[in-house]
Amino acid sequence: MRKLFFSFLILAAVDAAAQKKGGVPDTTKSYVPTGFRVGTDLILLGKSYAKYLRGWELNLDTDFWRYNFAVDYGFSANHFPLANKAGAVYSNSGHYVRVGADVNFLLKDPDRNRLFIGIRYARGRFGEGVAFADSVKGRGRFPDALYHYSLHNDKLQARWFELVTGISLKVWKGLWMGYTARMKFAAKVSGDGVFSTFEIPGYGLKTPSIYWGFNYQVFWRFSWKKTGALRP
């Protein structure tokens, strides 16, 4: 994932340099939006068919010349056994939102396809729990016993930042498809007093280091103004 992220950065730099040599004639420079796109993440929808995960994500963005304002809203619910303790099960469920902006490096493309770099600020609300059992060996007249335990962190809040890069291409009429690679960092959780948070919906495993994410998205674009190549 790290190699993919930096490959996108290199492509953006190379393309920006190449476009200085010429291309499709520019249209008038304007910061007035020409439309908006509504989409979803196909990878998350595909994972929802798995046994332990359910989730969806709604993506919305609009253009301001070469810049794009983006908002993501999603839901994730996870349920899986913990490998370090037999019979233990971890679960979480919550919503998240991301807001941010991208800069597009394909200035000469008449379809306004995107090779972009951007930043996101994200917040989430969720709850999580751990259920496990512990056996006690009986002595004398007392039989063996099995005790069940359940721990919960409720009403948690999280925030984090992301550096994003990717490609988004016009496929047919208003249909767009593309990839987004995410470098997630500076995650912080408040309210986890019972046990340390294990996973954050929309972010992933809560680790002190950088966490990587990847989306394969499909969009439909609603336009109210004809577009052309961007003016540098």
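Site pair F80 and S30 shows an inter-label distance of 4.8 nm when each label is modelled 7 Å from Cα along Cα→Cβ. Cross-link check: pairs K173/K226; K47/K206; K85/K155; K29/K170; K47/K173 evaluated at a Cα-Cα cut-off of 18 Å; pairs beyond the cut-off: K47/K206; K85/K155; K29/K170; K47/K173. For segment 146-186, place one equal point scatterer on every Cα, skip the solvent, and apply the Debye formula. What is log10 of I(q)/I(0) at q = 0.14, 0.31, 0.32, 0.33 Å⁻¹? Result of the Debye calculation: -0.63, -1.02, -1.04, -1.06. In terms of Cα atoms, the Rg and Dmax of segment 58-173 work out to 23.6, 84 Å. Each Lys and Arg adds +1 at its Cβ and each Asp and Glu adds -1 at its Cβ; summed about the Cα centre, segment 98-232 shows a dipole of about 680 debye. Take F69 and A101, extend 7 Å from each Cα along the Cα→Cβ direction, and tell me the distance between the two endpoints in nm. Inter-label distance under the simple model: 0.9 nm. Kirkwood radius and radius of gyration were both taken over the C-alpha atoms of segment 115-186, and their ratio Rg/Rh is 1.41.
On the principal axes of its alpha-carbon atoms, segment 90-232 has extents of 85, 28, 24 Å, going from largest to smallest.
Taking 0.36 nm per residue of sequence separation and removing the Cα-Cα distance, the K155/A186 pair yields an extension gain of 9.1 nm.
Computed from the coordinates by the stated procedures, all read-outs in this text should not be read as laboratory data. Nothing here was measured: the structure is a model prediction, and the numbers come from that model. All Cβ positions, glycine included, derive from the backbone under ideal geometry; neighbour counts span all protein chains shown.
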